[in-house]
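Trainee: One structure, as structure tokens, below. Some questions next.
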Amino acid sequence: MTEVFTGNFTQQEPIPEAAVEAAVRVMRHGRLHRYNVVAGETSEVALLEQEFAGFTGSRYCLAVASGGYALSTALRALQVGAGDRVLTNGFTLAPVPGAIASVGAEPVFVEVTDQLVMDLDDLQAKIGQARVLMLSHMRGHLVDMDVLMEICNAAGVQVVEDCAHTMGAAWNGQASGTQGVIGCYSTQTFKHLNSGEGGLLVTDDAEIMARATMLSGSYMLYDRHIAGAPAEAFTDIRLDTPNCSGRMDNLRAAILRPQLADLPARCQAWNERYRVLEESLRNIPGLALIERPEAEAYVMSSFQFRLPDMTQDRLQHFIQATAKRGVELKWFGAEQPTGFTSRHDSWRYAPAQNLPETDRVLACLLDLRLPLTFSLADCAQIARILADEAIKHS
Ligand SMILES: *Cc1c(COP(=O)(O)O)cnc(C)c1O
């Protein structure tokens, strides 16, 4: 019997009732703008910032319009501008090189290893080319943060962390996004919190937070933040910093706060699903799993594996065969990007760069989403189909 999976890989869970009710309350009073408060009121956005700062153990937090906006704001707050170069991963999602391009800077791509993290030897070799590294924890894989920070600190390079896939994850017990000088998160539908669009930026540096706050479009209302920089940090910054509006609104924040309270349980649910796939696929000949370092506490809302021995032709047949059986795989080796772009050579606005290791890794890398609408039995069925087709095509 050939099993067919009938689940939907892009169907997330509904918004929890408590979040729906919170959203309705905001709509009933009509004060959707974060600075539109009555006497004595603290806005939903300010409360979300306070709660997320607490969640990550950061001093300051700013909520913004998207993850990509958080990334470009981070660069602007570090005063990266036209003609500057920024180190980043050769394998990430388009908003990362896009954020670099949006400030007129140029990405310098660093190779990724077959464990899908930044190649630290290549980073060391390129470290002198920029003063900022935008490190992407692509697909939830954390590089050895101790070694990476050592390399960057020794070279005086500031690290901005793209935590779109590591919200809730940690390295040696320290929240992802707090090793570098700035951590950026996304609350877009396919990430770990869902407000449709949205982003969060954390830092312990008052001056950086003051700049980011002014950039986000704070006017002179920054004293309405409760996880914001102290007033004295704004003395010059409030007049010297352009307004590049990208605030979050109270409706999104209201939807996010109850989800944040549930996040640890949701992270656990993702990892249970991930481990079903990992365990079921561990001993399939020709199928290579991504090994997880001891120091990494991950949150895997997606699953990656490699088929390093398969020819490109057989790989394409494998992908078609699994698709016929209801298992949608994203292949990062395809000639033409579909759906979204994640490969350095798809971003033609950046100077072309030679990344043979990354190209070799991506040529055999496959990826699937694990929405929480899938049961553990669904994940077991997906694993059986993948194993069956991998063996047939090997
Ligand atoms: C989703 C994502 C972002 C930010 O995306 P937005 O859609 O702008 O919120 C950044 N980096 C990675 C790796 C992502 O997947």
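Trainee: Hey, rough spin-label estimate for residue 21 and residue 154, points 7 angstrom out along Cα→Cβ, what's it come to in nanometres?
Mentor: 5.5 nm
Trainee: Sticking with this one: Net charge near residue 294: determine it from the other residues with C-beta under 15 Å of the C-beta of residue 294, scoring Lys and Arg +1 and Asp and Glu -1.
Mentor: Around residue 294, the charge tally is -3.
Trainee: Under 1.5 on a/c is rounded, so check that first for the stretch 262-393, then, if it is not, pick prolate when a/b is larger than b/c and oblate when it is not; a ≥ b ≥ c are the square roots of the alpha carbon gyration tensor eigenvalues.
Mentor: Cα axes put the stretch 262-393 in the oblate bin.
Trainee: Report, in whole Å, the centroid distance computed from the Cα atoms of the stretch 211-255 and the stretch 335-367.
Mentor: When both Cα centres are located, 36 Å separates them.
Trainee: Where does the chain land at 222 nm, in deg cm²/dmol rounded to the nearest 500, when only DSSP H runs of n ≥ 4 count, each adding -39500 (n - 2.57), divided by all residues?
Mentor: -12000 deg cm²/dmol
Trainee: Starting with the highest mean, order 100-109, 72-81 by the number of other Cβ atoms within 10 Å, averaged over the residues of each peptide.
Mentor: 72-81, 100-109
Trainee: Here is a follow-up. By counting other Cβ atoms within 10 Å of each Cβ, how are 331, 171 ranked from fewest to most?
Mentor: Least crowded to most crowded, the residues run 331, 171.
Trainee: Now a separate question. Taking the highest mean first, how do the peptides 59-66, 242-249 order by number of other beta carbon atoms within 10 angstrom per residue?
Mentor: 59-66, 242-249
Trainee: With each label point set 7 Å from Cα along the Cα-Cβ vector, what nm distance links residue 11 and residue 219?
Mentor: It works out to 4.4 nm between the two label points.
Trainee: Taking the dipole about the Cα centre of the chain, with the C-beta of Lys and Arg at +1 and of Asp and Glu at -1, give me whichever of 133, 160, 334 is farthest to the positive side.
Mentor: Highest projection toward the positive end goes to 334.
Trainee: Hey, what did the chain get for relative contact order, percent, Cα under 8 Å, at least 6 apart?
Mentor: Contact order relative to length: 23 percent.
Trainee: Could you give me the percent of Cα pairs per 10 Å distance bin for the stretch 17-257, shortest bin first, beginning at zero and ending with the bin that holds the maximum distance?
Mentor: Answer for the stretch 17-257: a P(r) of 8, 34, 36, 17, 5, 0 percent.
Trainee: Most exposed first by the Cβ proxy, i.e. fewest other Cβ within 10 Å, how do 364, 379 rank?
Mentor: Placing the least packed residue first, the sequence is 364, 379.
Trainee: Within 10 Å, count the other beta carbons around each residue, average over each peptide in 290-297, 269-276, 132-139, and list them highest first.
Mentor: The most tightly packed comes first, giving 132-139, 269-276, 290-297.
Trainee: So, in nm, how far is label residue 129 from label residue 353 when the simple model puts each one 7 Å beyond its Cα toward the Cβ?
Mentor: Once both label points are built, they end up 0.5 nm from each other.
Trainee: With r defined as the distance between the Cβ atoms of residue 283 and residue 244 and R0 fixed at 51 Å, what FRET efficiency is calculated, to the nearest 0.05?
Mentor: According to the calculation, E is roughly 0.50.
Trainee: To the nearest 0.05, what FRET efficiency results for residue 346 and residue 314 with a Förster distance of 22 Å applied to their C-beta separation?
Mentor: Approximately 0.40, to the nearest 0.05.
We did not get these values from a lab; they are worked out from the coordinates using the rules stated. The structure displayed is predicted, hence computed values, not measured ones. Counting neighbours? That spans all protein chains shown, and the Cβs are built from the backbone with ideal geometry, glycine included.
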